[in-house]
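Comments concern the structure below.
Each value in this text was obtained by applying a stated rule to the coordinates, not by laboratory testing. Here the structure is a predicted model, which is why all the values come from computation and not from measurement. Heads up, the Cβs are rebuilt from the backbone with ideal geometry, glycines too, and the neighbour counts pull from every protein chain shown.
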Amino acid sequence: MDKIRVIGGSRLKGEIPISGAKNAALKLMAATLLTDQPMTLTNMPNLADVAFMADLLRGLGVSVRSEGGNRLGEGARYRLHAGTAVHTTAEYDVVRKMRASFQVLGPLLARHGKAKISLPGGCAIGARPVDFHIKGFEAMGARIDLADGYVIASAPAGLKGTTFEFPFASVGATENLMTGAVLAKGRTVLKNAAREPETQDLGHCLIEMGAKISGLGTSEIVIDGVEALNGVTYAVMPDRIEAGTYAIATAIAGGEVELVGAQASAIGALIALLRQAGTEVQETNRGLSVHRNGVCPTAVDVNTGVFPAFPTDLQAQFMALMATADGTSHIRETVFENRFMHVPELLRMGADIKVEGDLATVRGVPRLKGAPVMATDLRASVSLVLAALAAEGETIVNRVYHLDRGFERLEEKFSAVGAQVERIQ
């Protein structure tokens, strides 16, 4: 099984191209089920999760072809066609690999009036139930049954518009119900909806396909159902979590890196904290420039939350930075209950972290030390790579298949800016 080997101590200098957003690409792929016309998605990242979704769609009868994406910084082009011969059952063997597979429920139910979807898998970072999805579709007139680990949904007369308020601004549920509502009869109003950039990206694509949606980026999204959607060519937005990860990496290792394609508006909460911690972040005509000289980072507190708050998907990475900062920081995780699983591995590297419930108290240490560590989930795995950049000696990160789910050609991108990061057997 592959491992990542990191030798700490190198400053970073150069540029890193930001790939297409995984969390947008997967939902856009699922949305191709809404039309019988061909769809083309560009700026697609080359990731294991994208391959999983492609396999799922092929199993549903969708034609999926990819081309390009062979050079660093070049996104792939995916051509997808969900014609008339589409199946409506998503089997366990594929869905178990990735939680985003559940996003095919809305498109299948909206266009075909039925769907049988295995309950999802993915990273073990909390329960992340699908209750909001189910209750929302029931409010739209669907009948939902749970049997043998599957969600069995039917709406033979089609979905109907409704007003539905989420108890929590769930990204996945907002996106699933939005894709169901675009072909429903009448108007659907989603209250306390997710505002994430990836949710907006999905909505913008649906609008280009002919959907009638307003309120994207706010807590209330209004969708007026249409008869059918068209095929389009659409470019996936840049990955804000990847951009944030490399920004934090530069703050940890020191140096100056331009993140080509990064969008400041998508990571505003992180940029504010990095500046408080002593890192310079400036917009350029190509993206973002991140710079930190030899001064030790300053400890700052952070609470995760739904957009536009600090994203939970950057919490582990930011903790790695705070582990080397001057002073004590407090990191409160409000989104997922099990998202401190990286802490024991950081402790192996000499970090001083104490966890009590949803609060981690991080006391910065002068220097981390390289050690063998093990990735526990996607974002935790990259936090260990980031910590290793500032550590003395060698760090070996095991179980890096987690990394391949969400970070495209990570070792190549780091090597291009002077980090000693390589993949080994």
Per residue of the chain, what 222 nm ellipticity follows from adding -39500 (n - 2.57) for every DSSP H run with n ≥ 4, rounded to the nearest 500?
-8500 deg cm²/dmol
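Which net charge results for the neighbourhood of E422, defined as the other residues with beta-carbon distances under 14 angstrom from its beta-carbon, given Lys and Arg at +1 and Asp and Glu at -1?
Taking every other residue near E422 into account, the sum is +1.
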GluC sites (Glu not before Pro) within region 330-407: which are DSSP loop residues with at most 16 other Cβ atoms inside 10 Å?
E337
Of the trypsin sites (Lys or Arg not before Pro) in region 346-383, which ones lie in a loop per DSSP and count no more than 13 other C-beta atoms within 10 Å?
R367
Listing D377, D131, D358 by rising number of other beta-carbon atoms within 10 angstrom, fewest first, gives D131, D358, D377
Below 8 Å between Cα atoms, with a sequence gap of 6+, how large is the relative contact order for the chain in percent?
21
How much net charge surrounds I152 when only other residues with a Cβ under 12 Å from its Cβ are counted (Lys, Arg +1; Asp, Glu -1)?
+1
DSSP bridge orientation in region 280-425 - percent antiparallel, rounded to nearest 5:
60
Among V232, L72, A380, the residue whose Cα sits farthest towards the positive end of the charge dipole of the chain (+1 at Cβ of Lys and Arg, -1 at Cβ of Asp and Glu, taken about the Cα centre) is V232
Stokes-Einstein D (µm²/s) once Rh is taken as the Kirkwood radius of region 162-255 over alpha-carbon pairs, at 20 °C in 1.002 mPa s:
148
Counting only pairs 8 or more places apart or on different chains, how many lysine pairs in region 22-228 have C-alpha atoms closer than 23 Å?
27
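Using unit Cβ charges (K, R positive; D, E negative) and no other charged atoms, how large, in debye to the nearest 20, is the dipole of region 22-228 about its Cα centre? Spell out each step's value before the answer.
Details: 22 positive and 20 negative charges, 26 e Å.
So the magnitude is around 120 debye.
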Taking the dipole about the Cα centre of the chain, with the C-beta of Lys and Arg at +1 and of Asp and Glu at -1, give me whichever of L108, T250, T218 is farthest to the positive side.
L108
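What does the charge count around S219 come to, taking other residues whose C-beta lies under 14 Å from its C-beta (Lys +1, Arg +1, Asp -1, Glu -1)?
-1
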Using alpha carbon centroids, what distance separates region 214-234 and region 356-412, in Å?
38
